1. For ALA170, are the conditions met, namely being of a type in the set (Gly, Ala, Ser), within 14 Å of ASP94 (Cβ to Cβ) and either assigned by TED's automatic domain parsing to the domain that holds VAL75 or surrounded by 12 or more Cβ atoms within 10 Å (Cβ to Cβ) (or both)?
2. Report, by residue number, each residue of the range 171-206 that is among the aromatic types (Phe, Trp, Tyr) and farther than 15 Å from LYS161 by Cα.
3. Could you check ASN300 against (1) under 14 Å from ASN268 (Cα atoms); (2) without any contact (Cβ under 8 Å) to a residue 40 or more places away in the chain; (3) surrounded by 18 or more Cβ atoms within 10 Å (Cβ to Cβ); (4) not hydroxyl-bearing (Ser, Thr, Tyr) and say which number it fails?
4. VAL248: aliphatic (A, V, I, L, M) and at pLDDT below 85, yes or no?
5. List the pairs whose first member sits in the range 119-130 and is assigned by TED's automatic domain parsing to the domain that holds VAL52 and over 21 Å from GLY157 (Cα atoms), whose second member is hydrophobic (A, V, I, L, M, F, W, C) and not in a strand (DSSP E or B), and whose Cβ atoms are under 8 Å apart, counting only residues at least 6 apart or on separate chains?
6. For the range 281-323, list the helices (runs of 4 or more DSSP H) that sit wholly inside it and hold at least 2 residues that are of a type in the set (Lys, Arg) and out of contact with any Gly (no Cβ under 6 Å at 6 or more places or on another chain); which are they?
7. Among the numbered criteria (1) at pLDDT 85 or above; (2) not in a loop (DSSP other than H, G, I, E, B), which one does ILE235 miss?
8. Any residue in the range 270-281 that's crowded, with 21+ Cβ neighbours inside 10 Å: show its pairings with residues that are β-branched (Val, Ile, Thr) and in a helix (DSSP H, G or I) at Cβ separation under 6 Å, as long as the two are six or more apart or on different chains.
Amino acid sequence: MTKLKYTLSFCPRRPKFEFIILLFDSGENRTYSAMKAVEFRLPRDFDKSFIVFQETGKFFPCPWHFHPEYEFVLVTKSTGRRMVGDHIGYFQEDDLVFMGSMLPHVWVNDSLYANGQADHHADAIVVHFMDEFLGEGFLSIPEIQDFKKILRLAERGMVLKGQTRDRINALIKSMPTLNGMQRLSTLFSIFDIMSRTNEYDLLASPKFVQNFQYDTSDRFRRITEYIIQNFDRDISLSEIASVANMGVTAFCNFFKEQFRVTFVEYLNTVRIGHACKLLAENDHNVVEIAFECGFNNLANFNRQFKKLKGMTPTCYRRTLLLS
């Protein structure tokens, strides 16, 4: 049997969130004390307007965190407890939650996963999108007004139920393998289902949403904007670390913790995303595109492209021409 206890208290400037999980089935106690919510973001491909990310591992590693994106979290494998604002609930396979911007949350796997004793990995699919991911004024168009009401309710987080959950789960499970308009139209199908349902329970209390204060800075913005503006040339670690006002070692640790990838991996993602755009839009040869995207040699460009896209740049262009 698993026993769960938590306390939540507010201070004038920010909340302090404490909870204690006592795992009597394993004989092990795990304690999380005075957890401060941290800003946490997933990297977005340069050629994508929103994020679809599959999380697979022994357990879900994200800490108590928040971010400006709206988020769907679909657990496909694993069990445990989810904390959304001041609400604590239980998740299992096919659990689906939709959350608004800046709402702190964390998914804590049962001890079987945390201790590496499960016979399968924990697995989830998350979808992140900004409120204006399709351009300024997107939420003002008439066709989106019913869904806009759901976005307001999502400030408290909501767990989806019944046929609504089953239909949306099927769509989200298909998204990691989709590209382009298929992926976007699938997201719009989800918006449509959400707009016409009442099969959900709200999670965090209104008081929590009203009182929660978060500490954020423009560090994320400065880092990502600098990369977008300079990815077509060499960017040294010391250079990007200075943009973040950090030492190189501290920056590398910060970047890996917050972005889930190393700086070089993120930079290559941006470069390859831009390469996909160029391959689709112009007749420049692959060598020209490689150098325009910041790669110093063709071999590395081809290697990184195949690693991220599963095919060479030439095959990618050929696929576009055939589709």
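The values are calculated or read from the model by the stated rules, or taken from the named source; none is laboratory data. Just so it is clear, the model here is predicted, and its values are computed rather than measured. Cβ atoms come from the backbone with ideal geometry, glycine included; neighbour counts cover every protein chain shown.
1. Working: of a type in the set (Gly, Ala, Ser): yes; within 14 Å of ASP94 (Cβ to Cβ): yes; either assigned by TED's automatic domain parsing to the domain that holds VAL75 or surrounded by 12 or more Cβ atoms within 10 Å (Cβ to Cβ) (or both): yes.
Here the answer is yes, as ALA170 does meet what is asked.
2. Initially, the range 171-206 is screened for residues among the aromatic types (Phe, Trp, Tyr), giving 188, 191, 200.
PHE188, PHE191, listed by residue number.
3. (3)
4. No, not satisfied.
5. ALA122/PHE59; ALA122/PHE60
6. On the way: elements: 286-292, 298-309, 313-322.
Fully inside the range 281-323 and qualifying: 298-309, 313-322.
7. In the conditions (1) at pLDDT 85 or above; (2) not in a loop (DSSP other than H, G, I, E, B), ILE235 misses (2) alone.
8. Correct list of pairs: VAL270/ILE227; ALA275/ILE289.
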